[in-house]
Every structure is written in structure tokens, then in C-alpha cells.
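One structure is given below, encoded as C-alpha cells.
The values are calculated or read from the model by the stated rules, or taken from the named source; none is laboratory data. Because the structure is a prediction, the values reported are computed rather than measured. For neighbour counting, all protein chains shown are included, and Cβ atoms are generated from backbone atoms with ideal geometry for every residue, glycine included. With ligands, DNA and RNA removed, areas are computed over all heavy atoms of the protein, side chains included. Shrake-Rupley method; radii C 1.70, N 1.55, O 1.52, S 1.80 Å.
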Amino acid sequence: PGRRNYGDDLVRGMSRIGKNPISLPNEVTITLSENLCLVEGGKSKLELNIPKGITVTQEEKKLVVKRSGDTKQLKSLHGTIRMLIFNMIEGLTKGFKRELEIIGVGYKAQLKGNLLVLNIGFSHPVEMEVPQGLKVSVSGANKVTIEGVDKQKVGEFTAKLRRVYPPEPYKGKGIRFVGEEVRRKLGKALAK
């Protein structure tokens, strides 16, 4: 009594995430067709292709995602499609934001038009083009903020930037997320 058996959902064939309806804020409009979900809000719009076997319906101020069968593929798509639509609505109402900081003496970032230029100890500056739909800002020469309505684009560009020079474990130099803890190693001289 009082305890929930998570196996019950699997027996009934429902995704725990997929069965939750998505509530729609007033500033967002949804257009549904057979295989497309278009979400519009503010000055932006995002669209998602809905795979066969998954249906999205609007009931008053809620969106409900359902699946037509219990195949393994449909079960996995059920929760995924629901979360993708939820993230689209979240992005258009609140937006997504990631922050990176550049650690190292003389390391800095600057914006030149649509290019983000990183001076991070290489023999040449690293230039990265800012993807369309993203807003990048630099504060204090060592803090980079990436903002946008598409969670996937924001995450991909942030990861691409971090991969240029991931934080190294000895001196902690490199590009890291704000607040990220980097496990430090002792150097060879101090390890004895």
C-alpha cells in the first residue's frame, strides 16, 4: 500500500513520460497536421515531424501524445516525441541558455560580427561561426553565453565550443561550463 510498482506501466504499455499531457501557455499557438507539429510563439516558430504510429491531439489547452501500438520502437518514440514538443514550447516561451567560462592566463573570447574568436593558447585564434537562430554574447572576455529557442542547437553549439579546448586536469585550463567541477590531478613532482 502506498508504494508504486513501476512495472505496472510496462504491463499496461504506457510510457511514464509520454502519457503526461502538455499544458499550453496563452502566447503559443499549435498547428497539427497528420505528420507535423508546428509551434509558434513570439517571432519564432519550430516544427517537428511526427513519425507514423504516434498521434498528437489538442484537447482544450493541453496536448496529448498517443501511440497506436506497443512495438518497442513506438514505445521509445512515445516519450521522446512528447519531450521534444515540450522543449519546443519551453524554448519559445522561456528560451534556453548555456554559459561557458574560459580559464587560463591570456585566454579570451570576442565577437567579430557573426564569428566567435577564441584566443586559447594555440598558435592561431580559433574562429567559430555562430549558427543561425542562436545569440552569443561575451562578457568580461572569458565568459560566453549561448541563448536560443531550440534546445538541441544551443546544446550542440555549446558542446562544440567546449570540445575546442576541454578543461585539462592538471592546471584546470580550458573551456568549461559555468559551475562545472574539474577533478584535478597532482603533477608528477607532487605525486610522490
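Checked against (1) at pLDDT below 90; (2) on the phi < 0 side of the Ramachandran plot, Phe86 meets all criteria but (1).
Of all the residues that make up the stretch 98-116, how many are among the basic types (Lys, Arg) and either surrounded by 18 or more Cβ atoms within 10 Å (Cβ to Cβ) or modelled with pLDDT of 95 or more (or both)?
Final tally of qualifying residues: 1.
Every condition in (1) among the aromatic types (Phe, Trp, Tyr); (2) touching a strand residue (DSSP E or B) at 6+ places or on another chain (Cβ under 9 Å); (3) exposed (fewer than 14 other Cβ atoms within 10 Å of the Cβ) is met by Phe122 except one, and the failing one is (2).
The number of residues in the stretch 1-32 that are loosely packed, with under 10 Cβ neighbours inside 10 Å and at pLDDT 85 or above comes to 1.
Restricting attention to the stretch 54-92, which residues are touching a strand residue (DSSP E or B) at 6+ places or on another chain (Cβ under 6 Å), open to solvent by 30 Å² or more (accessible area, probe 1.4 Å) and touching a residue at least 60 places away in the same chain (Cβ under 8 Å)? Passing the criteria: only Phe86. Of all residues in the stretch 141-150, none are open to solvent by 20 Å² or more (accessible area, probe 1.4 Å), without any contact (Cβ under 8 Å) to a residue 40 or more places away in the chain, out of contact with any Cys (no Cβ under 9 Å at 6 or more places or on another chain) and at negative phi. Looking at Pro131, Pro166, just one residue is open to solvent by 40 Å² or more (accessible area, probe 1.4 Å), in a loop (DSSP other than H, G, I, E, B) and touching a helix residue (DSSP H, G or I) at 6+ places or on another chain (Cβ under 7 Å), and that residue is Pro131.
Given (1) open to solvent by 20 Å² or more (accessible area, probe 1.4 Å); (2) modelled with pLDDT under 90, identify the lone condition not met by Gly41. Against the list (1) open to solvent by 20 Å² or more (accessible area, probe 1.4 Å); (2) modelled with pLDDT under 90, Gly41 comes up short only on (1).
Selection over the stretch 169-185 of residues that are aromatic (Phe, Trp, Tyr) and not in a loop (DSSP other than H, G, I, E, B) gives a count of 1.
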